[in-house]
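Engineer: Mind looking over this structure? Questions follow.
The values are calculated or read from the model by the stated rules, or taken from the named source; none is laboratory data. Please read these numbers as outputs of a predicted model, since none were measured by experiment. Note: ideal-geometry Cβ built from the backbone for every residue, glycine included; neighbour counts use all protein chains shown.
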Amino acid sequence: MNLSPAEQTLQLIAWFLALIEFILAFYVLLLNAWHTANRHVSGLLLLFSFSSFAMGSMVGASNVAQATLPTILLTLTSIAVPSGTIIVAVVLLKPQWLHGRWRWGWWLVYGMAFLPVPLILLDFMLGTGLLYTGLSAETYAGGYVFLSEYASGSLSTLVKMLNIYVIPLVLFIPLLYVILRDKEVLPLTRRLGWLLLGGQLVVVVVEVGLRPLFGGPLSTLINNIIYASIYAYAVFQQMISGQYLQRGKLQLRLMFFILVVTIPILVGVVALVSNSAGVLVAQTAIQQPGTEMLSAFRQFQQIAWTAVVVGIALLLVLTWLITRQVFRPIDMLTKTVAAITAGDLTRIAPVEGEDEIGALARAFNSMTAQMRDLIGNLEQRVADRTAKLERHLDYLNASAAVGHAAASILEAEQLIRQVVELIRTRFDLYYVGLFLVEGEWAVLRAGTGEAGQAMLERGHRIRTGKGMIGWSIANAQARVAHDVGKDAVRLATDELPDTRSEAALPLRSRGRVIGAFTVQSDQPNAFDDPGTIAVLQTMADQVAVALDNARLFATSQEALETARRAYGELSRQAWIERLSTRAAWGYRYVDQSITRTTGDWQPEMLQAVQTGQSVQTDGEEEPTLAIPIKIRNQVVGTLGLRKAETGGTWTAEETALLEALTEQLGAALESARLFQDTQRRATRELVTREITDKMRQAINMESLLRITAEQLNSALGAAQTYVLLDAGDVVGGDAEL
């Protein structure tokens, strides 16, 4: 069959792509045949290689015999590739899914990928016609034909529907989940997910929109290139980031790498040249004209030279990649040695294989570790002492933090909650609790964690003198249990099963014990350092003084609140007396003039006085606003305002401003009342003092009575004033009234 130049070019591209994919498949497998991702990607690349090879062979087929193998391979790969892509995508991004509770679903996908193999074997050997039906010699005229021409068995519609149309769309589900919803994946995995998603979208676009434009063979080759590129890149990136060990002898692996590259290239070049030579001989056998013979010979030369050049270029590129892959660990080891020689003993040589280079890297790492141990042992004593000093410094900082909290927080409940959490965090303890003495009991008032909350809810308390807490309160001393199982005094608590060591510290203030701290650790001998107990006791004493001060502050606040209430009651009584002794009075501002008023109460003003709330009316004529005047929550009057007809309704800002001013007016009225009362008292005391002084100037009884009458009459402005003395019947016991 004579092929057009376009068909020959397409055939060469397909076979060249098949060769690349075939080499990549075994190259990926040899990189790490023990890793699941490498095996799956290698298998997928083999499917792409078979597909590209079959597509090239199909283009050049001239009869059914030549098209049989290509059609079988195309049937196999067309159905197996979609299922293979979803499996490989999951292996690369979320391999744990294959072993989880949904593994049976992935077994089904594996079955769909391998299903074409038994079906095609049955159809080809027994003629069952389940999937592969082959080409008809009567209708097939050579070249490429669509899948439906040779895969139209009884199960073909269902199998092709699932594998070719449904599964490629299902692939978007795990990809989108990994990219958008899974918060646990690494950034590299998410980037690979985006890469696979983009490749899948491009394949869908090529299949749906560009296949009619490009044709079946070219569209299939484009898809194969896209799939092979992204999945090979993904597995390479995963190997680099995951540092998967390369196993096997270096010499053996290098030999296999070279064979995998050179043998397929040589076979491919020889096969291509042989095929072209066969075409040339066939043309010679049919005795074509000289011009056509010369053209065919030149075409053979071009194909041969092209195959040789491409083969050499491909051999050089892949050889360079293999050399780089094999000797990259040596380069990394060299850089590590240089860094360690420069003094960086923390560097570790990367072990990227279980070959000779990997053994050398492990030996070097072992030697470096021994050097670090030698140096570390010399520095350990200094480090221990430094750590001890730092620990004491942390304790002092914690004590300072507790002291700051004790000095700044005056509310007792807030103080004890914050202090127990602070001590537990700073000292890295299992549990911290605070007990306060109430009669003959020590009652838990604060505890950390869920255990503390549970004990608070059940009202946990310990009798004074019992247990470590009671003993510490009774004796005003700290008690330490380095191993709680061996302390005879300690009382165990069900909510704290992991306690291994405990210390009870009394809360001492002004010569008395008001409670105790319990600090517990899940490590034995956690409180064997006397310095730690001293710091904890200092903090306990600080907290005790702060709690005592908080109690005194609360008492003073209660006394102050009582005085405020008493003053408020006096103020309320004073206003009641003042308002009850005279009629209502006030002032009114109308038409730019102010006048005194004694009872011009509008309905909204009365409502404001009765309810104690602002009252607003938004009538059509004149919107009004009445705000009660309050003094210590007692309504003593009202402020009434009315807008003009063109003024609009009262806004929220205006109302808020007037209410604020009314509140200030109430405070000013209270101040004015106090000032007037003070003036009256001062005047009364002045008059009293003046009259008393003049009374003291009298030299006898007569002048005393006269002066008294005159001064009282003058001070009070009375019409008549009497001062009478009588020892007769009026004052005596027998007087008649």
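Engineer: Of the residues that make up region 195-205, is at least one modelled with pLDDT of 85 or more and more than 32 Å from the chain's Cα centre (by Cα)?
Structural biologist: Yes, region 195-205 contains at least one residue that is modelled with pLDDT of 85 or more and more than 32 Å from the chain's Cα centre (by Cα).
Engineer: If you don't mind, there's one more thing I want to ask. Give me the pairs: first residue in region 333-350 and over 14 Å from A369 (Cα atoms), second residue among the charged types (D, E, K, R), beta-carbon distance under 8 Å, and six or more apart or on different chains, which are they?
Structural biologist: Close Cβ pairs satisfying both conditions: A339/R347.
Engineer: Next question. Say whether the condition of being of a type in the set (V, I, T), touching a Lys or Arg at 6+ places or on another chain (Cβ under 8 Å) and crowded, with 21+ Cβ neighbours inside 10 Å is met by at least one residue in region 432-444.
Structural biologist: Yes, that holds for at least one residue.
Engineer: Counting only residues that are at pLDDT 85 or above and surrounded by 15 or more Cβ atoms within 10 Å (Cβ to Cβ), which one in region 178-188 is farthest from V202 (Cα to Cα)?
Structural biologist: V178
Engineer: Any idea how many residues of region 336-349 are surrounded by 13 or more Cβ atoms within 10 Å (Cβ to Cβ) and in a helix (DSSP H, G or I)?
Structural biologist: Here the count works out to 4.
Engineer: While we're here: Hey, can you tell me all the residues within region 386-415 that are more than 25 Å from Q523 (Cα to Cα) and of a type outside the set (D, E)?
Structural biologist: Within region 386-415, A400, G403, H404, A405, A406, A407, S408, I409, L410, A412, Q414, L415 qualify.
Engineer: May I ask you to list pairs of residues, at least six apart or on different chains, whose Cβ atoms are under 8 Å apart, with the first in region 31-47 being free of Cβ contacts under 8 Å to residues at least 24 places away in the same chain and at positive phi and the second being buried (at least 18 other Cβ atoms within 10 Å of the Cβ) and among the aliphatic types (A, V, I, L, M)?
Structural biologist: none
Conditions (1) within 24 Å of I629 (Cα to Cα); (2) at pLDDT 75 or above, marked per residue:
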{"position": "I533", "(1), (2)": "no, yes"}
{"position": "Q542", "(1), (2)": "no, yes"}
{"position": "A550", "(1), (2)": "no, yes"}
{"position": "S556", "(1), (2)": "no, yes"}
{"position": "A559", "(1), (2)": "no, yes"}
{"position": "W585", "(1), (2)": "yes, no"}
{"position": "R588", "(1), (2)": "yes, yes"}
{"position": "S593", "(1), (2)": "yes, yes"}
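Engineer: Run L547 past the list (1) over 19 Å from N397 (Cα atoms); (2) without any contact (Cβ under 8 Å) to a residue 40 or more places away in the chain and report the number of the one that doesn't hold.
Structural biologist: Of the numbered conditions (1) over 19 Å from N397 (Cα atoms); (2) without any contact (Cβ under 8 Å) to a residue 40 or more places away in the chain, the odd one out for L547 is (2).
Engineer: Sticking with this one: I need the strands (runs of 3 or more DSSP E) fully contained in region 464-574, keeping only those with at least 1 residues that are among the aromatic types (F, W, Y).
Structural biologist: Counting at least 1 such residues, we get 512-521.
Engineer: Cβ-Cβ distance below 7 Å, separation of 6 or more or different chains: which pairs start in region 113-125 with a residue that is of a type in the set (F, W, Y) and end on one that is part of a helix (DSSP H, G or I)?
Structural biologist: Matching pairs, first to second residue: F124/I72.
Engineer: Kindly indicate whether any position in region 460-479 is within 24 Å of K388 (Cα to Cα) and modelled with pLDDT of 90 or more.
Structural biologist: Yes, there is a match, as at least one residue in region 460-479 is within 24 Å of K388 (Cα to Cα) and modelled with pLDDT of 90 or more.
Engineer: On the given criteria, is T683 exposed (fewer than 14 other Cβ atoms within 10 Å of the Cβ), of a type in the set (S, T, Y) and assigned by TED's automatic domain parsing to the domain that holds I627?
Structural biologist: Criteria met by T683.
Engineer: Of these, P603, P623, which one is exposed (fewer than 12 other Cβ atoms within 10 Å of the Cβ), modelled with pLDDT of 80 or more and in the same structural domain as L665 (by TED's automatic domain parsing)?
Structural biologist: Step by step, each of P603, P623 is checked, and only P603 is exposed (fewer than 12 other Cβ atoms within 10 Å of the Cβ), modelled with pLDDT of 80 or more and in the same structural domain as L665 (by TED's automatic domain parsing).
Engineer: I'd like the full set of residues that are touching a strand residue (DSSP E or B) at 6+ places or on another chain (Cβ under 7 Å) and either in a strand (DSSP E or B) or modelled with pLDDT under 80 (or both), limited to region 631-659.
Structural biologist: Listed by number, the residues that qualify are V635, V636, G637, T638, L639, G640, L641, R642.
Table: residues versus (1) in a strand (DSSP E or B); (2) at pLDDT below 85; (3) more than 11 Å from A546 (Cα to Cα); (4) not assigned by TED's automatic domain parsing to the domain that holds G531.
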{"site": "H392", "(1), (2), (3), (4)": "no, yes, yes, yes"}
{"site": "N397", "(1), (2), (3), (4)": "no, yes, yes, yes"}
{"site": "A400", "(1), (2), (3), (4)": "no, yes, yes, yes"}
{"site": "H404", "(1), (2), (3), (4)": "no, yes, no, yes"}
{"site": "E421", "(1), (2), (3), (4)": "no, no, yes, no"}
{"site": "T425", "(1), (2), (3), (4)": "no, no, yes, no"}
{"site": "L429", "(1), (2), (3), (4)": "no, no, yes, no"}
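Engineer: Follow-up. Taking into account only those residues within region 671-700 that are polar (S, T, N, Q) and in a helix (DSSP H, G or I), which is farthest from L712 (Cα to Cα)?
Structural biologist: Applying the filter and picking the extreme gives S671.
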